[in-house]
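Comments concern the structure below.
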Amino acid sequence: MTTRAEAEMGKFLLATYRLRILFRGVFLLLALATVGLALSVLQQEKQLSYNNYQSNFNKTRLQISATLRHPAGQLALLNPPAENQRASLRPLLLPYSAIDFDDQNKVQQAIAMSGCLVQYGSAGALCSGIGNNPWAGGFIYIAGNFNSSQLVSHKRGNESLTQAHRLKVSVSLRGQTYRWIAPFEEEIAPARQNQGVRGRWTGFNESEANKPNVRPVKDFRGWAWQQAICNQADQDDKDADCQKNTFFSLRLPIPVLQEALFEKKRPVWPPQDLDQMEVSLSVLPPDSDTALLDSKNAPTVTPFSLKDLQDNLLPGETLIIRKRDGQNSKENKDDLINLIGAFEQSDESWNVLTRLIRRLPVDEYDIPLESRETISTPLANYEVLLKGDVRSVSKSLSVVASRVSWFVGAMLLALTLAWLLIEVSIIRRITLLTRRAVSLSKTMKGAGELEQFDVSDLRSPDELGVLASCLHDLLRRVKEDVERETIRTEQEKEMWHAVGHEIMSPLQSLMALHGNTEDQSNRYISRMQQAIRVLYGSASPSEAFQSTVLQVSEIDITMFLKNVADNAPMVGIPDVSYQGTDDVVMVKADEYSLEDVVTHVLRNAERYRKPGSAISIQLQNTETAATITIHNDGPHIADDLIDKIFEYGVSDQHDSGANGNRGQGLFVAKTYMAKMGGTISVQNVEQGVSFVLSLQRGNA
């Protein structure tokens, strides 16, 4: 159990080290605030970075979804990238059942939307594909464009095919190769302004092309449309060197594919060896074997592929696309594509900062970012799974945090140096001064010991040195002031006793003259004696009132209130009326103190009531309490003052002291009511102000 001496020693040690604890605590708080500020900034930055990452993740999801729903994306889904994809032209599974190769606009729109064109620099472009409907026939479609001079048409009956522009086409699949030569045959049409050349590609089997009276391949179809204007705006359209763009489309009959359609009731489509098929096409000018466009050349731009979606992925994001065939397999072998966003090379950061950033709380940070969507194509449905990687948020933020940490370290170093400087130059000297002052306070018994307070080694031009030099003089002056204050207090107390004695003597004489209890003067003389006894020998009026001991007894409150109302004009409060029961109602109270309370309230009501209006005293009682309501018709009490009017010295009159109003009447009323076990309150009513006094009922 802690003794009193130990408790006092603890308080002494706390007081001794309080200033040092304060200074060191301030610098510790500054250091903690610096670190806390940095952590708060990092947490907010992490939240912002995570919100931005969520927004970018949703944008990526929408962009990938929109891309795959576009015909170009459908083309990429239907033709997933092969592991060992060759550079040669191969037919793609188109997102259309067939191509209307006879209509230039429809063909151009179909290949442009699907994005199947393979660019060969400025020589032209080619698109090769098959329809997604097997019952459209086993055909391979080829469309594209090339630049050439005015197309030279092959004349019918001419056995030589080399004197006209011509196409050399070959298709290799399943161990067989089909080759065609297709010269251009212009179609005569009515002359129109700015109309180019339009004609057919008539296909012949290459092995029979040089035979007389050879007939063209029946199912081989092809069209060509050459523009009427030159590619160069400064050239004449009729110039022989004028290069014009020619768009063409072909439909190649493939007997192997056509025969396979009728082998089974439900043919396998697209063919399983579609990626093994090879298509070759070259455009040859008249009397020359130098191709204007050759598919064997290296392409410059290939069609959109699923691998190109990797550019849309943020660092660490994973994109998985798999074909849905009724069984939701999650093995990688069933995935069409599995792409991961590459991390960019960045400055290395401290591992401790990375771990710290990962521990910072962020809303919804622990919820995995993942989206699943289904893309429908004419042949199958594909599941697109996109997974986010929030580690990139911490990784990117840790790089920034590594740079900011140097500034935080510099701030902490500056705080440490400031603390050391204050510790050496101020705290140490304060400690010495404190020890000497404590030693002096323990040994000092008179003014003579002040000379032992030596502060010569602490004197300096700064504030602390001045303080140490003046401390001795200050202590001496304090001692002299205390001695004078003690003498003055004793003199004032003796004066209060003298005044009280001189007042009590004539009051005793008056009490002898008005000794009859029925005499009203006796009542007021008794109240004056009680007031003198309350204030007699006290340091202040408020302390005197609070320390008063009341003689609580049972009184008839009905008769008391009637008496107060009848005698109110004698103390300068006219027009006071009692309203209530005439029955005897006994309450617990001190009669003189209760009369002081009611008188203070009546004087307050008299001061603020409207001229000519009455003051009413109402009595209501229950089995346990009696309630007295004193009402006057006057202005309401201000809202900021209504809760303070019962405090000592509170008054709404700025010169109250000069007028004899010290603001203690309502304070006395509240104090006496509390000592009698009652309450007093005030409230603004519709017409004026009401004071409500509540007293406990007596036993009678």
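Regarding residue 282, is this residue in the same structural domain as residue 96 (by TED's automatic domain parsing), over 20 Å from residue 174 (Cβ atoms) and touching a Lys or Arg at 6+ places or on another chain (Cβ under 7 Å)?
Details: in the same structural domain as residue 96 (by TED's automatic domain parsing): yes; over 20 Å from residue 174 (Cβ atoms): yes; touching a Lys or Arg at 6+ places or on another chain (Cβ under 7 Å): yes.
So residue 282 passes the test.
Consider residue 294 carefully, then state whether it is among the charged types (D, E, K, R), within 23 Å of residue 79 (Cβ to Cβ) and out of contact with any strand residue (DSSP E or B) (no Cβ under 9 Å at 6 or more places or on another chain). No.
Among the residues making up region 287-322, those that are touching a helix residue (DSSP H, G or I) at 6+ places or on another chain (Cβ under 9 Å), closer than 19 Å to residue 370 by Cβ and not in a strand (DSSP E or B) are 309, 312, 313, 314, 315, 316, 317. Every test in (1) assigned by TED's automatic domain parsing to the domain that holds residue 227; (2) over 20 Å from residue 279 (Cβ atoms) is passed by residue 74 save one, and that test is (1).
Is there a residue in region 671-682 that is among the small types (Gly, Ala, Ser), more than 19 Å from residue 576 (Cβ to Cβ) and modelled with pLDDT under 80?
Initial filter on region 671-682 (among the small types (Gly, Ala, Ser)): 674, 677-678, 681.
After this cut, where a residue has to be more than 19 Å from residue 576 (Cβ to Cβ) as well, the list is 674, 677-678, 681.
Pick out the ones that are also modelled with pLDDT under 80 and you get none.
No, that holds for no residue.
What about residue 88, is it more than 51 Å from the chain's Cα centre (by Cα), modelled with pLDDT under 90 and closer than 12 Å to residue 302 by Cα? For residue 88, the condition - more than 51 Å from the chain's Cα centre (by Cα), modelled with pLDDT under 90 and closer than 12 Å to residue 302 by Cα - is met. If residue 135 meets every condition in (1) surrounded by fewer than 18 Cβ atoms within 10 Å (Cβ to Cβ); (2) outside any helix (DSSP H, G or I) apart from one, which number is that one? With respect to (1) surrounded by fewer than 18 Cβ atoms within 10 Å (Cβ to Cβ); (2) outside any helix (DSSP H, G or I), residue 135 is out only on (2). Within region 138-155, if we keep just the residues that are among the hydroxyl-bearing types (Ser, Thr, Tyr) and not in a loop (DSSP other than H, G, I, E, B), the residue that is surrounded by the most Cβ atoms within 10 Å (Cβ to Cβ) turns out to be 141.
Could you look through region 93-132, keep only residues that are polar (S, T, N, Q) and assigned to a loop (DSSP other than H, G, I, E, B), and pick out the one that is nearest to residue 294 (Cα to Cα)?
Quick first cut of region 93-132, residues polar (S, T, N, Q) only: 97, 104-105, 108-109, 114, 119, 122, 128, 132.
Next, from what is left, pick out any that are assigned to a loop (DSSP other than H, G, I, E, B): 97, 122, 132.
On the way: 97: 27, 122: 12, 132: 27 Å.
Checking each candidate, the answer is 122.
Of all residue pairs spaced 6 or more apart or on separate chains, those with beta-carbon atoms under 9 Å, a first member in region 199-214 that is assigned by TED's automatic domain parsing to the domain that holds residue 167 and a second member that is surrounded by fewer than 20 Cβ atoms within 10 Å (Cβ to Cβ) and of a type in the set (Val, Ile, Thr) are 202/217; 203/217; 204/214; 204/217; 205/214; 205/217; 208/214.
For (1) crowded, with 16+ Cβ neighbours inside 10 Å; (2) at pLDDT 70 or above; (3) touching a Gly at 6+ places or on another chain (Cβ under 7 Å), each residue gets a yes or a no:
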position: 347; (1), (2), (3): no, no, no
position: 350; (1), (2), (3): no, no, no
position: 362; (1), (2), (3): yes, no, no
position: 376; (1), (2), (3): no, yes, no
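Does residue 263 satisfy the criteria of being over 60 Å from the mean Cα position of the chain (by Cα), outside any helix (DSSP H, G or I), under 27 Å from residue 132 (Cβ atoms) and modelled with pLDDT under 90? Yes. Checking residue 422 against (1) within 25 Å of residue 27 (Cα to Cα); (2) at pLDDT 85 or above: exactly one of these is not met. Which one? It fails just one condition, (2).
How many of the residues in region 266-286 are assigned to a loop (DSSP other than H, G, I, E, B) and over 60 Å from the mean Cα position of the chain (by Cα)? Walk me through it before giving the result.
From region 266-286, those assigned to a loop (DSSP other than H, G, I, E, B) are 266-273, 277, 285-286; that's our starting set.
Next cut, over 60 Å from the mean Cα position of the chain (by Cα) only: 285-286.
Adding up the residues that qualify gives 2.
Residues that are surrounded by fewer than 17 Cβ atoms within 10 Å (Cβ to Cβ), modelled with pLDDT of 85 or more and within 22 Å of residue 550 (Cα to Cα) do not occur anywhere in region 611-620. Would a scan of region 583-605 turn up a residue that is under 57 Å from the mean Cα position of the chain (by Cα), modelled with pLDDT under 90 and farther than 17 Å from residue 564 by Cα? Scanning region 583-605, I find no residue that is under 57 Å from the mean Cα position of the chain (by Cα), modelled with pLDDT under 90 and farther than 17 Å from residue 564 by Cα, so the answer is no. Condition (residue is β-branched (Val, Ile, Thr), touching a helix residue (DSSP H, G or I) at 6+ places or on another chain (Cβ under 8 Å) and surrounded by 19 or more Cβ atoms within 10 Å (Cβ to Cβ)) applied to region 179-186: is it met by at least one residue? Within region 179-186, one or more residues are β-branched (Val, Ile, Thr), touching a helix residue (DSSP H, G or I) at 6+ places or on another chain (Cβ under 8 Å) and surrounded by 19 or more Cβ atoms within 10 Å (Cβ to Cβ). Of the residues that make up region 219-234, is at least one over 30 Å from residue 79 (Cα atoms), surrounded by 10 or more Cβ atoms within 10 Å (Cβ to Cβ), modelled with pLDDT under 85 and under 60 Å from the mean Cα position of the chain (by Cα)? Yes, some residue in region 219-234 is over 30 Å from residue 79 (Cα atoms), surrounded by 10 or more Cβ atoms within 10 Å (Cβ to Cβ), modelled with pLDDT under 85 and under 60 Å from the mean Cα position of the chain (by Cα). The set of residues in region 681-700 that are in a strand (DSSP E or B), surrounded by fewer than 21 Cβ atoms within 10 Å (Cβ to Cβ) and touching a residue at least 60 places away in the same chain (Cβ under 8 Å) comprises 688, 690, 692, 694, 696, 697.
The values are calculated or read from the model by the stated rules, or taken from the named source; none is laboratory data. A quick note: this is a predicted structure, and the numbers were derived from the prediction, not measured. Cβ coordinates were reconstructed from backbone atoms using ideal geometry, including for glycine residues, and neighbour counts include every protein chain displayed.
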